[in-house]
Amino acid sequence: MITYNYRAMNDSARQIRGQIAAENELDLEARLKQLGLELLSYKEVKSKKAGALSKVKMKDMIILCLHLEQLNRAGVPLLDAIADVRDSTESPKLKDILAGVYESIKTGETYSNALANYPKVFNEIFVGLIRAGEKTGDLTEAYKQLADHMKWNSELQRKVKKAATYPIVLLVVMSAVITILMVFVVPKLIKFITSQGFEIPIHTRALIATSNFMVDYWYVIFGFPVITFIILTTIYRTSESFAYKCDDWLLRAPVFGNIARKINMSRFTHFFAIMYNSGIDILEALDSAKNVLTNRVLRESMVMVRRSVTDGTSLTNSLRLSSQFPNLVVRMFKVGEDSGNIGDALENITYFYDREVNDGVERVVGLVQPTLTAVMGLLIFWVISSVFGPLYQSFSKMNF
């Protein structure tokens, strides 16, 4: 598909300018005629190709689902709806993909299979819900579920970023303050103290040694954490056993481990509820929900749960046997199985964990700020006492 800037005339002889995607010049003219416009001039838009570096933003995907939901609710045929969204989207990558989906459906391929040709944009959950909508004949509900799911996922990512960003910013600021003190301020003050021949206490000698070390080996102090982080990240991505151990350690870590587990439980219950409520069977729903778990330990336990359910064990007992799911999750699944209404039970779990994740993030942020402030205060107190302590002792020994 090629994007054109066009100038056309409507029935009132008024000139209209706009942008539209078309196969070629003849297709462009035909599309404008369908809109009641007479083409006057056009120009091809020279833009960057939507290649590997181009990504489809979450916002564009949400707008896509909302747009398709409204068009389907209004009774617009599928091909016309896809063509409309293709022409109106601002994402070059999504525009090209929708053009491919349009052509695939036009040649006889099913809607869900056409989407499945682009797994990096339309994941298993997206394709699964569309496939379920095709079976039930209710694509409107599928679009609504997808839009709600992506909004929820976007909000969850925002909370996680908030929990990670704030401490990182504080650490960077604190590191900058420490560096300025130790490299620029302290050496000048220490030089004055030593030149006066004052008696130097042990905490002042420690400050001098720390300052000298930072001045002489600043590249080691700043380079070592960066290099270590790069090495550990590379090993984490390439070694499955190392990554598994790191994920296991994260779940056991105080404070952060509890939050990580709650985030994963919230993801699992939310996605499982969407798949189950869309008419997808439990085994397929477990497969899809497994893929949204970011922790390898929990993901492996989900494989065990699916295998246990396949062997005839109830879903509740399978979750309990995995020993990775909190009692609340297991209990609510049991209530859902006993009442025959798992969907409502899962919505209750999701609601609970959404609040728990939010409270956990706020708790971590509230804990980090005073901790780093206390560390900064102790550091400044150390510098002040180390510099002004010898001065005070010398002045106290003088006779006036």
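What does the convex hull of the Cα atoms of the range 58-150 come to per residue, in Å³, rounded to a whole number? Before the final figure, lay out the partial values.
Values: hull volume 7.8 nm³, N = 93.
Hull volume over Cα atoms, normalised by residue count, gives 84 Å³.
Starting from the Cα-Cα distance between residue 140 and residue 246, subtract it from 0.36 nm times their residue separation and give me the gain in nm to one decimal. Mind dumping the intermediate values first?
Numbers: separation 106, 0.36 × 106 = 38.16 nm, distance 4.14 nm.
Gain on stretching residue 140 to residue 246: 34.0 nm.
Neighbour counts of C-beta atoms inside 10 Å place 284, 362, 69 in the sequence 362, 284, 69, starting with the fewest.
Over the range 2-44, what per residue volume does the convex hull of the Cα atoms give, in whole Å³?
51 Å³
For the range 56-214, taking Cα atoms only, Rg and Dmax work out to 29.6, 92 Å respectively.
Which order, highest average first, do 177-183, 234-240 follow once you tally other Cβ atoms within 10 Å for each residue and take the mean per peptide?
Numbers: 177-183: 15.7, 234-240: 11.3.
Most protected by this proxy first, the peptides run 177-183, 234-240.
When peptides 5-18, 309-322, 256-269, 113-126 are sorted by average Cβ neighbour count within 10 Å, with the highest value leading, the order is 256-269, 113-126, 309-322, 5-18.
With the gyration tensor restricted to C-alpha atoms of the range 346-395, the semi-axes of the equivalent ellipsoid amount to 48, 5, 4 Å, longest first. Placing unit charges on each Cβ (+1 for Lys and Arg, -1 for Asp and Glu) gives the range 2-44 a dipole about its Cα centre, and among 40, 12, 30 the Cα reaching farthest toward its positive end belongs to 12. For the range 158-400, the Cα-based Rg and Dmax, in that order, read 27.1, 94 Å. Checked against a 23 Å cut-off, the cross-linked pairs 95/162; 151/245; 159/262; 144/262; 55/135; 120/151 give Cα-Cα distances beyond that limit for 95/162; 151/245; 144/262; 55/135.
Straight Cα distances below 16 angstrom link residue 334 to the aspartates and glutamates 344, 347, with same-chain residues fewer than 8 positions distant left out. A Cβ-based charge dipole, computed about the Cα centre of the range 158-400 with Lys and Arg at +1 and Asp and Glu at -1, lands at about 700 debye.
Here's the picture: charge each Lys and Arg Cβ at +1 and each Asp and Glu Cβ at -1 in the chain, and of 64, 225, 378 the one pushed furthest to the positive end of that dipole is 378.
Our helix-only sum for the chain, with -39,500 (n - 2.57) per DSSP H run of n ≥ 4 divided by its residues, gives a mean residue ellipticity at 222 nm of -24500 deg cm²/dmol. Projected onto planes of every orientation and averaged, the convex hull of the alpha-carbon atoms in the range 274-400 covers 12.2 nm².
Every number here is computed from the coordinates shown, using simple stated rules; none is lab data. These numbers come from a predicted model, not from an experiment. Neighbour counts run over all protein chains shown; Cβ positions are idealised from the backbone, glycine included.
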